[in-house]
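The values are calculated or read from the model by the stated rules, or taken from the named source; none is laboratory data. Everything quoted here is computed from the prediction, not taken from an experiment. Here Cβ is always computed from backbone atoms with ideal geometry, including for glycine, and neighbour counts include all displayed protein chains. Side chains included, ligands, DNA and RNA excluded: accessible areas come from the protein's heavy atoms. Shrake-Rupley method; radii C 1.70, N 1.55, O 1.52, S 1.80 Å.
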Amino acid sequence: AVFPDGRRVVSCDGGGNTPGRLKVWDLATGECVATLEGHSLDVYGVAVFPDGRRVVSGSWKELKVWDVETGECVATLEGHSDGVFDVAVFPDGRRVVSASGDKTLKVWDVATGECVA
């Protein structure tokens, strides 16, 4: 996923049921400038918030919201019964949507961590 400033991207990795992580890359230098770790299994999808300060990632049954500057997980959103394979952030940055192998879409309020739809 591309940051709004167009200067950084974030990728996800993990495989074979190993802990997944996110890496933030500087496009000008090609260097990894941050590694975000905390998922216990593969990370399948990632999206950047409109403010460029946070990212959201989807893994097995959960999403995590990360502060890119500190590398800290600031929220864990749980409620799916299978892997979360895609995530997107609403333009207002207050909600995210997740798509899961459990054949559901869920909309989450980031501030409360509640599933709202």
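Quick one: which residue in 11, 57 is touching a residue at least 40 places away in the same chain (Cβ under 8 Å), of a type in the set (S, T, N, Q) and under 20 Å from residue 90 (Cα atoms)? Reasoning before the result, please.
Working: 11 fails: touching a residue at least 40 places away in the same chain (Cβ under 8 Å).
The unique qualifying residue is 57.
Total residues in the stretch 91-117 satisfying the condition of being open to solvent by 30 Å² or more (accessible area, probe 1.4 Å), closer than 22 Å to residue 41 by Cβ and not small (Gly, Ala, Ser): the figure is 7. Whether a residue is over 24 Å from residue 6 (Cβ atoms), at pLDDT 95 or above, open to solvent by 80 Å² or more (accessible area, probe 1.4 Å) and of a type in the set (S, T, N, Q) was assessed, and residue 70 does not pass this test. The condition of being out of contact with any Asp or Glu (no Cβ under 9 Å at 6 or more places or on another chain), under 19 Å from residue 2 (Cα atoms), of a type in the set (Gly, Ala, Ser) and surrounded by fewer than 23 Cβ atoms within 10 Å (Cβ to Cβ) holds for residue 88.
Tell me which of these residue 43 doesn't satisfy, since it passes every other one: (1) modelled with pLDDT of 95 or more; (2) under 20 Å from residue 86 (Cβ atoms); (3) among the aliphatic types (A, V, I, L, M). Looking at each condition in turn, residue 43 falls short on (1).
Of all residues in the stretch 83-117, those satisfying the criterion of being closer than 23 Å to residue 10 by Cα, aliphatic (A, V, I, L, M) and either part of a loop (DSSP other than H, G, I, E, B) or in contact with a Cys (Cβ under 6 Å, 6 or more places away or on another chain) (or both) are 110, 111.
Looking only at residues of the stretch 26-39 that are open to solvent by 80 Å² or more (accessible area, probe 1.4 Å) and either in contact with an Asp or Glu (Cβ under 9 Å, 6 or more places away or on another chain) or modelled with pLDDT of 95 or more (or both), we find that the one that is nearest to residue 6 (Cα to Cα) is 27.
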